Protein chains: 2
Amino acid sequence: MNLTGHSIIAGHSIPGTAGTISGRDPATNQPLDPAYSLLATDQLAVATAAAAEAHATFSALPPSVHAQFLEAIADNIEALGADLIERATQETGLPTARLEGERARTTGQLRLFASVVREGAFRGIRIDPAQPGRTPTPRVDIRQRQVPLGPVAVFGASNFPLAFSNAGGDTASALAAGCPVVFKAHNAHPGTSELVGRAVSDAVRGAGLHPGVFSLVYGPGSEIGVALVADPAIKAVGFTGSQTAGLALMRTAAARPEPIPVYAEMSSLNPVIIFAGALTDDVDALAGDYVTSVTGSSGQLCTSPGLLFAPTGEAGDRFVAAVGRAASAASGQTMLSEGIASAWKKGVVELASQDGVTVLGTGTDGSSKNAPAPAIYSTELPDFEKNSAMHREIFGAASLVIRYPDVPSLIHAVQQIEGQLTATLHLRDQDHEAAAQVLPAIEQKVGRILVNGWPTGVEVGRAMVHGGPFPATSDSRTTSVGTLAITRFLRPVAYQNLPQGLLPPALRDENPWNLPREIDGESDIQNS
Amino acid sequence: MNLTGHSIIAGHSIPGTAGTISGRDPATNQPLDPAYSLLATDQLAVATAAAAEAHATFSALPPSVHAQFLEAIADNIEALGADLIERATQETGLPTARLEGERARTTGQLRLFASVVREGAFRGIRIDPAQPGRTPTPRVDIRQRQVPLGPVAVFGASNFPLAFSNAGGDTASALAAGCPVVFKAHNAHPGTSELVGRAVSDAVRGAGLHPGVFSLVYGPGSEIGVALVADPAIKAVGFTGSQTAGLALMRTAAARPEPIPVYAEMSSLNPVIIFAGALTDDVDALAGDYVTSVTGSSGQLCTSPGLLFAPTGEAGDRFVAAVGRAASAASGQTMLSEGIASAWKKGVVELASQDGVTVLGTGTDGSSKNAPAPAIYSTELPDFEKNSAMHREIFGAASLVIRYPDVPSLIHAVQQIEGQLTATLHLRDQDHEAAAQVLPAIEQKVGRILVNGWPTGVEVGRAMVHGGPFPATSDSRTTSVGTLAITRFLRPVAYQNLPQGLLPPALRDENPWNLPREIDGESDIQNS
């Protein structure tokens, strides 16, 4: 597969004028060809201007065109075949099976959004017909629909080179909403980004869309990111990454002459709570599953469990000992980059040095570079509550077990933690009363609550929420995974007393797009 | 009716320790008894703490309790009878008929939100049932609902002492969502606020709710506003008022350790566009209706038309001459306060001094104080486009007519204006082609598009949008009027594999609240 090392701006392959970067194989730290040229900000402006120009036509297309376009992207990604998986493996160190699964998730969510577009409920059609005889004042005809916000800037995440990258959830939901996308590639997997970017760009051309519907841009990290978010043509931002970068984008967006929404998914410790009943069964299995969830994908998952609350007492001691054994048996896997591996090491050294923190178990280093041994630590509730250093995400295979003496103490601790993507409860029937006491406090803090499972492995569906209160995300009112994600890129517009010929098709009486509608507050589902 | 001059904090009448203010009759500038004592920020913290405490129970109540509570507020407001209208007239100078209409709107929207609560679609119930046999991985049961954000700070607007005040749209939609409210009274109508605040507080007590569900606080304007928005217990903000104050609240909210959403409805010029066909009929009637819309409620309406685009040429000249005559025949009505009247005067003096602005017509001063003569000005498109001073809202009975030579020039001008609440088109069948060319540009700029009507007089219904791109509002994704407003105060939470007994009632299989649900993407409406 021939890689150019260029950005793709509105269908054109454009070399950048602001230096180059190279992807690296994290298993060897060796650079990978080709070098990728970085865009200067004036080059970036061509992409955002093209997106703004594309918006007028792209936003108005019928659902079938949007849906087929999304499906064509999925088809084109599949057509890349083994080349894509091979390049992604080289650039990320992630195992082939994991990347194949991620590709299936990526194409699956593109097709899921195509079905959401065909079904059409997200357009929020509401019709309040005229009531000319109403007293004291007649009512005129008013119709409401959701319209796309405009061009969206999407930032690729390092840890999901496919599912949270070019054609990942943010791009899929923005395109499904009818918004053009300017995609900023993550510099850790530039070749993977080019392959997928070409798949999207080919789909744009194949569907005969305005070429500004999609651009893939490479640039110097934070600099081009701020320029992109500050660009007046951009109307919303999707981001998955570090809290530092997410906060910088939030500040940039809020300081614009016209502030815009930022959907940043940033950091989460994903606490797990073990209730007493869960320790009456096989504690080795439970401990093993925990360590598997901590170490999967080298712990480089937004939902990796960074905290686990285990009861004090004999059963808890047995469980914690089993965790130590499982952790010691784990081996390191290649992390995404040298930088991420060294940040992880710094994080665990800092955690280990905190008062009251002890090592429960440390595994063995992997054989490649950047494959540090997973590590699990332990502390007591009072030490945890008073020390904010234990409340920071360590991105990678590390976790902290906190021993709690009773349910009121546990509730108090839950109230102290920051906003999270998830919280998980392990329990049996006899724990229901205790769990019911803790659940209201948990619900205030998270976007997803699980029982007797593990937070890693996020189902892409209609009911999923991958979001949560700040600082897990910048905006708790949404999700970045699942079909509800489309609502991030829409706003309502009302049309009062418009003649049929001037109404957009979505709102006309004859309902040419066959959309579900609410007429006078009653469902009028015609597209069964 | 006995007024105390005190705040109502969680059901208790509390005198403030930070000085006093008095309402004034704007028709005479005379102060009205009693003086209202202002809360210090430590007193305010009692209200926000009570709201935070109330959230746990209030948010979890069944729909019937929330709905009956909203209806009880409406009943209590009606029971205040003529006393409320009398006091509001004294404090605002608004005519009795207008205030009676506003009261009906206020109680009507409380009852509308009660019906929204009973119907329950806003809870967004989605159930993706388990698929244990799915390959390659089984699917676990995942359920989603919308939960209330937490305590909401609501700021009363000066221009709607009932419908955008204590028990107005922001409060009604926040309470309907299940969020406690801390309401900051507008200092221009403190007595009206106390009467309505008591009606709400009585309903809280009558329903046996936690008293922290509602507090009414008086305080020194911007200072207590910033303290309220900065308070960690507050999770969202509803505001209607000036752009200066709205921007200050947005900045405060964004700078918090935990940023929160601000729904600020700030400023709008509500452009009206006259197409050629609309001038083939009676131009005097059209001109008269325009001046009526500009001067109603002394122009102190968010949707008052501050700009009108009329074609150049003979028909346009006739229309503009008719506007001049109608404006000259209009007389001033008492404005809400001396401060608002003097800001209006300053605004029109500045507008009149701009290059290329001429007076089309000035009416006569009203007989009371603060009742300045309405004024309508005229300018040409090139002058308007190059001068930002003509793009500023003048709050009160003033408007600017802009003459445009052709449709392309009109489209260009629309692209230059800022975000607006509304845009209105006057047209006949022969104008449809021209209107269709202008509509896409208009849609980018506004929350509501009207044909052959006037933007003032906002219908409270299911399809209404009272919102729009910045700076009309701080957040174009919502509306502050109509049933969709409830979505401002909600966020999604997913529940994965929870046993029935631990699920909230809204998500249980047996559907005890009889809510509409989406199961595996299919509607399951049971509460017809």
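None of the figures in this text is laboratory data; all of them are computed from the coordinates on show. Quick caveat: nothing in here was measured; it's all calculated off a predicted structure. Every residue, glycine as well, gets a Cβ built from its backbone with ideal geometry; the counts of neighbours run over all protein chains shown.
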Amide H contacts of B:Leu450 (H built 1.01 Å from N, under 5 Å, at least 5 apart or other chain)
A:Gln496, B:Ala423, B:Thr424, B:Leu425
Can you quote the Å³ per residue value for the convex hull of the Cα atoms in chain A, rounded to an integer?
167 Å³
Isotropically averaged projected area of segment B:317-369, using the convex hull of Cα atoms (one quarter of hull area), nm²:
4.1 nm²
With 10 angstrom as the radius, rank B:Leu307, A:Leu484, A:Leu381 by how many other C-beta atoms surround their C-beta, starting from the fewest.
A:Leu381, B:Leu307, A:Leu484
Hey, fewest Cβ within 10 Å first, where do B:Thr96, B:Thr171 land in order?
B:Thr96, B:Thr171
Contact order relative to length of segment A:381-528, as percent, for alpha carbon pairs under 8 angstrom and 6 or more apart:
15 percent
What is the Cα centroid distance between segment B:4-63 and segment A:36-115, reported in whole angstrom?
53 Å
Of the DSSP beta bridges with both residues in chain A, give the percent that are antiparallel, rounding to the nearest 5.
40 percent
Please arrange A:Leu228, B:Leu269 by counting, for each residue, the other beta carbons lying within 10 Å of its beta carbon, fewest first.
B:Leu269, A:Leu228
With just the Cα atoms defining each centre, how far is segment B:180-205 from segment B:280-337? Give it in Å.
36 Å
In sequence order, calculated HN-Hα J values of segment A:476-483 (Karplus, 6.51, -1.76, 1.60; Hz; x Gly/Pro):
6, 7, 9, 9, 9, 10, x, 5
If a/c stays under 1.5 just call it rounded; otherwise compare a/b with b/c (prolate if a/b is bigger, oblate if not). Do that for segment A:2-132, with a ≥ b ≥ c from the square roots of the Cα gyration tensor eigenvalues.
oblate
For segment B:5-18, take each phi angle, set θ = phi - 60°, evaluate the Karplus expression 6.51 cos²θ - 1.76 cosθ + 1.60, and give the result in whole Hz per residue in order, putting x for glycine and proline.
x, 10, 6, 10, 10, 6, x, 9, 7, 10, x, x, 10, 10
Cα-based Rg (one decimal) and Dmax (whole number) for the protein assembly as shown, in Å?
29.7, 94
As a quick test, which of the pairs B:Lys235/B:Lys346; A:Lys235/A:Lys369; B:Lys235/B:Lys386; A:Lys346/A:Lys445; A:Lys386/B:Lys235; B:Lys345/B:Lys445 have an alpha carbon distance above 32 angstrom in this structure?
B:Lys235/B:Lys346; A:Lys235/A:Lys369; B:Lys235/B:Lys386
For B:Leu503, what residues show an amide H to amide H distance below 5 Å, using hydrogens built from the backbone and excluding near sequence neighbours?
none
Can you give the charge dipole size of the protein assembly as shown about its Cα centre, rounded to the nearest 20 debye, using +1 on the beta carbon of Lys and Arg and -1 on the beta carbon of Asp and Glu?
300 debye
Considering amide H positions built from the backbone, and no H for Pro or chain starts, which residues 5 or more places from A:Asp25, or on another chain, come under 5 Å of its amide H?
A:Gln30, A:Leu32
Could you tell me what percent of the DSSP beta bridges with both partners in the protein assembly as shown are antiparallel, to the nearest 5?
40 percent
Kirkwood-based Rg to Rh ratio, segment A:394-518, C-alpha trace:
1.17
About its Cα centre, segment A:354-426 carries a charge dipole, from +1 on Lys and Arg Cβ atoms and -1 on Asp and Glu Cβ atoms, whose size in debye to the nearest 20 is 200 debye
Considering just Cα atoms, how many Å³ per residue does the convex hull of segment A:182-289 enclose?
180 Å³
Output wanted: per-residue J couplings in Hz (rounded whole) for segment A:99-109, from phi through Karplus 6.51 cos²θ - 1.76 cosθ + 1.60, θ = phi - 60°, x for Gly and Pro.
6, 5, x, 5, 5, 5, 5, 5, 5, x, 6
For A:Glu78, what is the net charge nearby, where nearby means another residue's Cβ is under 14 Å from its Cβ and Lys, Arg count +1, Asp, Glu -1?
-2
GluC sites (Glu not before Pro), restricted to segment A:427-528: which are DSSP loop and have at most 10 other Cβ atoms within 10 Å?
A:Glu510
Taking Rh as the Kirkwood radius, which is the inverse of the mean 1/r over Cα pairs, what is the Rg/Rh value for segment A:379-462?
0.95
Quote the convex hull volume per residue of segment A:80-142, based on C-alpha atoms, as a whole number of Å³.
127 Å³
